[in-house]
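Heads up, the thing below is written out as structure tokens.
The values are calculated or read from the model by the stated rules, or taken from the named source; none is laboratory data. Keep in mind that what you see is a predicted model, and the values were worked out from it rather than measured. Positions of Cβ are generated from backbone atoms using ideal geometry, with glycine treated the same way; all protein chains shown enter the neighbour counts. To get the accessible areas, we keep the full protein, side chains included, count just its heavy atoms, and leave off ligands, DNA and RNA. Shrake-Rupley method; radii C 1.70, N 1.55, O 1.52, S 1.80 Å.
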Amino acid sequence: IMLTKEALEHLKCVQFKCSGNLIIKNEDNLELSCELCKFDYKSINGIPILFSEENLKTLDTRFWDQKANANSYTDKYDKYLKKEGAPWGQYTHESEIYGIKRLLDKNRFDEKNKTIIDCGAGNGRFLSIYKDAKFKFAVDTSLILLKRSKERDESLICICADIENLPFQDYSGDLSLSIRVFQHLKNPQLAFDEMSRITKPD
């Protein structure tokens, strides 16, 4: 899915103390720019890379950025979505979905026309269960995972970003979720604070 003007309004600049609105500078390669500080963000394969200038040096250095690791992970979870995976992994995947749905059903969450942000989306397996959501943002630091997610599910809006410095406006999401991610983070509390910041109070 293209990053429409309405979807773009959810995003913001992540440069230090900026938080300016982002605009599309070049539609051909989806290059974005901050209206306030004029920082330019490049995109690869139509996926905007919304890292701060300081954190850009960490791109392609993490475990999931390595091609073999990312592809192995994606192949495994793609099989779970097709109910073709190993029994224990299949059970774990389905139990996670059951847990999320049970919590949301209890709180009467209606996905229709909502904005859902998966922080550490991996192959986008959780976002794919929400067919009626208006915007489904898949956020991850791994470009390879995001590229594979986009190939599998064109309804996802893939954003390469750091969960500890999320490029979203305050209260821009109706639901944010993060599964099997926090154990990989340097600062889990900061990530949780960011997820709280971007999620509507209700």
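Residues of segment 25-83 being outside any loop (DSSP other than H, G, I, E, B) and basic (Lys, Arg), which ones?
Those that are outside any loop (DSSP other than H, G, I, E, B) and basic (Lys, Arg): LYS25, LYS57, LYS67, LYS76, LYS79.
Restricting to segment 99-108, give me the number of residues that are exposed (fewer than 11 other Cβ atoms within 10 Å of the Cβ) and either outside any loop (DSSP other than H, G, I, E, B) or touching a residue at least 24 places away in the same chain (Cβ under 8 Å) (or both).
Final tally of qualifying residues: 3.
Can you tell me how many residues in segment 33-68 are among the charged types (D, E, K, R) and open to solvent by less than 40 Å² (accessible area, probe 1.4 Å)?
To start, the set of residues in segment 33-68 that are among the charged types (D, E, K, R) comprises 35, 38, 40, 42, 53-54, 57, 60, 62, 65, 67.
Next, from what is left, pick out any that are open to solvent by less than 40 Å² (accessible area, probe 1.4 Å): 65.
Adding up the residues that qualify gives 1.
In this structure, is GLY85 surrounded by 17 or more Cβ atoms within 10 Å (Cβ to Cβ) and modelled with pLDDT under 90?
yes
Could you say whether any residue in segment 122-136 is under 14 Å from the mean Cα position of the chain (by Cα) and at positive phi?
Yes, there is a match, as at least one residue in segment 122-136 is under 14 Å from the mean Cα position of the chain (by Cα) and at positive phi.
Only one of ILE179, ILE157, ILE198 is open to solvent by less than 30 Å² (accessible area, probe 1.4 Å) and within 12 Å of the chain's Cα centre (by Cα). Can you tell me which? Talk me through it step by step, then tell me what you get.
Working: ILE179 fails: open to solvent by less than 30 Å² (accessible area, probe 1.4 Å); ILE198 fails: within 12 Å of the chain's Cα centre (by Cα).
Being open to solvent by less than 30 Å² (accessible area, probe 1.4 Å) and within 12 Å of the chain's Cα centre (by Cα) holds for just one of ILE179, ILE157, ILE198, which is ILE157.
Let me spell it out: the conditions are (1) in contact (Cβ under 8 Å) with a residue 12 or more places away in the chain; (2) not in a strand (DSSP E or B), and SER95 meets all of them except one. Which number is the exception?
(1)
Go through segment 109-121 and give me each residue that's assigned to a loop (DSSP other than H, G, I, E, B) and either of a type in the set (S, T, N, Q) or closer than 18 Å to TYR98 by Cβ (or both).
PHE109, GLU111, ASN113
Any idea which of (1) under 21 Å from ASP174 (Cα atoms); (2) modelled with pLDDT of 90 or more is the one LYS25 doesn't satisfy?
(1)
Quick one: count up the residues across segment 121-154 that are within 21 Å of LYS57 (Cβ to Cβ), open to solvent by 10 Å² or more (accessible area, probe 1.4 Å) and among the hydrophobic types (A, V, I, L, M, F, W, C).
The total comes to 2.
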